[in-house]
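Since the structure comes first, as structure tokens, the remarks are kept for the end.
Read-outs throughout are calculated quantities, based only on the coordinates presented, and are distinct from any laboratory measurement. Note that the structure is predicted; figures quoted are calculated from it, not measured. Please note: Cβ atoms are built from the backbone with ideal geometry, for glycine as well, and neighbour counts cover all protein chains shown.
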Ligand code: BGP
């Protein structure tokens with residue numbers, strides 16, 4: 001059970017789920033600002049004003065939502081929006097980073113909100129207050145020798161780009177994104193070395209397949225074109241980053257779910273192979289190998305997809321491959337063609353129930369072996385340094401009379417997953433970092449709930465935004481402090 005010397009231990013946040021301060025210092029609106037909270041079994045909603053001036057709500061996938069023709073996304077007085085305040089990292093980041101340093105972090109993953117830098121996405125000049133804020137955050141990290149690991153995009157495309165250009169279906173977003181990336185690369189070249197282009201870029205394919213029965217050919221056409229435009233933006237950004245600072249280490253970020261066949265029926269084995277191709281390899285191959293996999297043609301044909309791809313795009317993909325492969329891991333799913341199987345579903349987890357595993361209150365499997373399996377499989381495929389940049393257990397936490405929080409269930413979850421990572425390293429995997437998801441309690445992306453807590457630090461705020469926002473270390477805080485101090489030797 002050995003972690004290499006210099007292994008980077010830390011935690012992860014996202015701007016839209018932690019910062020709050022959604023409408024101050026020049027920040028523009030993003031999707032989650034007009035998205036209400038949901039619950040474990042009901043989706044979030046986006047709110048809008050329709051062309052006749054009437055307010056409305058449309059089901060959201062947690063990061064986007066389809067509103068009626070001519071309607072405009074809008075913040076409605078009648079609704080509560082969990083991401084407006086989140087946990088107010090915007091004003092409390094110094095206190096929080098100090099706590100992360102107390103745990104012994106050597107790396108902190110966070111994201112820059114595009115709409116703090118370019119409020120409308122297509123602005124000529126950047127918003128200086130936004131540039132100043134993140135400079136101060138990164139300087140605070142450096143004060144404690146914590147490496148920032150910066151996600152350029154974590155679901156939060158400026159809303160104005162969605163409304164004016166149709167979002168990522170429009171190739172114009174490639175240039176807006178590259179200009180945004182160039183601005184922050186130049187601005188923070190002295191403070192930030194590690195960058196990730198798109199958070200969980202493969203969610204688009206996961207959502208299409210997860211709601212496969214509902215996803216029309218048009219949805220696949222739109223989804224695969226969005227992805228192609230994001231692949232080109234990512235590849236251009238990697239090339240640009242290396243020009244601006246040859247020391248930059250730039251990665252992709254994949255939502256890593258380990259898929260197993262639900263039975264030994266050969267049909268399930270093949271369905272599972274195809275799930276790995278559409279859900280995991282489709283994006284990973286383009287960003288790590290620089291080209292679409294051969295199976296892409298099958299996927300496009302199956303859904304009558306014809307993509308707008310130019311020769312220049314293919315050159316960019318080839319020249320803009322990532323330096324590291326990073327991914328989130330929470331659970332495994334079982335893929336089966338046998339509809340009589342007992343199904344499990346939680347927010348964004350579907351599939352046949354695995355009789356050998358237990359599940360969280362949100363229907364996510366506890367499967368540390370699945371993490372070792374994923375690490376060894378993906379390292380063998382790409383032979384790039386790997387980072388696990390999200391891993392955690394969303395759970396209900398109880399504050400005891402004396403204010404303590406005994407989250408043994410979270411310690412058990414992380415202990416098992418860290419042990420699985422050590423086994424993968426012992427088997428030759430070049431794993432260089434681990435950032436737990438939600439190092440501090442933050443808003444759930446999928447449901448908008450605060451009660452789905454991941455943090456090693458408790459934040460006093462509930463699903464309706466009531467609370468002091470005070471921070472309290474949980475038992476897991478002190479456990480993780482020991483893990484880091486001993487470089488993973490003491491679990
Ligand atoms: C991933 C996102 C994170 C985080 C995590 C946990 O999809 O990259 O932003 O939210 O999932 O999911 P949730 O917050 O829905 O519990």
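Length gained on full extension, residue 186 to residue 136: 16.5 nm, using 0.36 nm per residue less the C-alpha separation. Structural descriptor for the range 1-52: relative contact order 19 percent, calculated from alpha carbon pairs under 8 angstrom and at least 6 residues apart.
FRET efficiency for residue 318 and residue 2, Cβ-Cβ distance as r, R0 = 41 Å, nearest 0.05?
Calculated transfer efficiency: 0.65.
Taking the inverse of the mean 1/r over every pair of distinct Cα atoms in the range 432-491 gives a Kirkwood hydrodynamic radius of 12.6 Å.
The separation of the range 109-134 from the range 6-35, counted between C-alpha centres, amounts to 12 Å. Normalised size of the range 345-463, defined as Cα radius of gyration per 2.2 N^0.38 Å with N residues, equals 1.16.
Rounded to whole Å and ordered largest first, report the semi-axes of the equivalent ellipsoid of the range 189-230 derived from its Cα gyration tensor (root of 5λ). Spell out each step's value before the answer.
On the way: eigenvalues 182, 24, 3 Å².
Largest first, the range 189-230 gives 30, 11, 4 Å.
Residue separation of residue 491 and residue 50 scaled by 0.36 nm, minus their Cα-Cα distance, works out to 153.3 nm of gained length. Here the peptides 295-303, 156-164 are ranked by packing, the mean other Cβ count within 10 Å, and the order with the highest first is 156-164, 295-303. When every alpha-carbon pair in the range 156-217 is counted, what percent end up more than 12 Å apart? Value for the range 156-217: 77 percent of Cα pairs lie more than 12 Å apart.
Note: the range 16-105, Cα convex hull, 120 Å³ per residue.
If packing is taken as the average count of other Cβ atoms within 10 Å, what order do 259-267, 114-122 fall into, highest mean first? All intermediate terms of the calculation are to be shown ahead of the outcome.
Working: 259-267: 16.1, 114-122: 23.7.
Ranked by mean Cβ neighbours within 10 Å, highest first: 114-122, 259-267.
Is the shape of the chain best called rounded, prolate or oblate, per the rule: a/c under 1.5 gives rounded, else a/b larger than b/c gives prolate, else oblate, with a ≥ b ≥ c the square roots of the Cα gyration tensor eigenvalues? Rounded shape, in that the Cα axes give a/c under 1.5.
Could you tell me what fraction of 2.2 N^0.38 Å the Cα radius of gyration of the range 272-336 comes to, as a two-decimal ratio? Intermediate values should be presented prior to the final figure.
On the way: Rg = 13.5 Å, N = 65, 2.2 N^0.38 = 10.7 Å.
Cα Rg divided by the expected 2.2 N^0.38 Å: 1.26.
The alpha carbons of the range 157-280 give a radius of gyration and a Dmax of 17.5, 55 Å, in that order.
Put the Cα centre of the range 377-426 next to the Cα centre of the range 157-178 and the gap is 35 Å. Descending by average beta-carbon neighbour count within 10 Å, the peptides 31-41, 216-226 line up as 31-41, 216-226, the highest first.
First obtain the Kirkwood hydrodynamic radius of the range 207-309 from its Cα pairs, then insert it into the Stokes-Einstein equation at 4 °C and 1.567 mPa s, and state the resulting D in µm² per second as a whole number. Numbers along the way, then the final one.
Values: Rh = 15.2 Å.
Here the translational diffusion coefficient equals 85 µm²/s.
Between residue 295 and residue 80, the simple spin-label model (points 7 angstrom out along Cα→Cβ) gives 4.3 nm.
Kirkwood Rh and Cα-based Rg: tell me the resulting Rg over Rh for the range 244-283, rounded to two decimals. Computed over Cα atoms, the ratio is 1.29.
Regarding the range 74-177, what is the average projected area of its C-alpha convex hull, in nm²? Walk me through the intermediate numbers first.
Details: hull surface 31.7 nm².
Mean projected area for the range 74-177: 7.9 nm², to one decimal.
Between the C-alpha center of the range 201-252 and that of the range 471-486 there is a gap of 35 Å.
Which whole-number percent is the relative contact order of the range 315-421 (Cα, under 8 Å, 6+ apart)? Before the final figure, lay out each step's value.
Details: 123 pairs, mean separation 31.9, N = 107.
Once normalised by length, the contact order is 30 percent.
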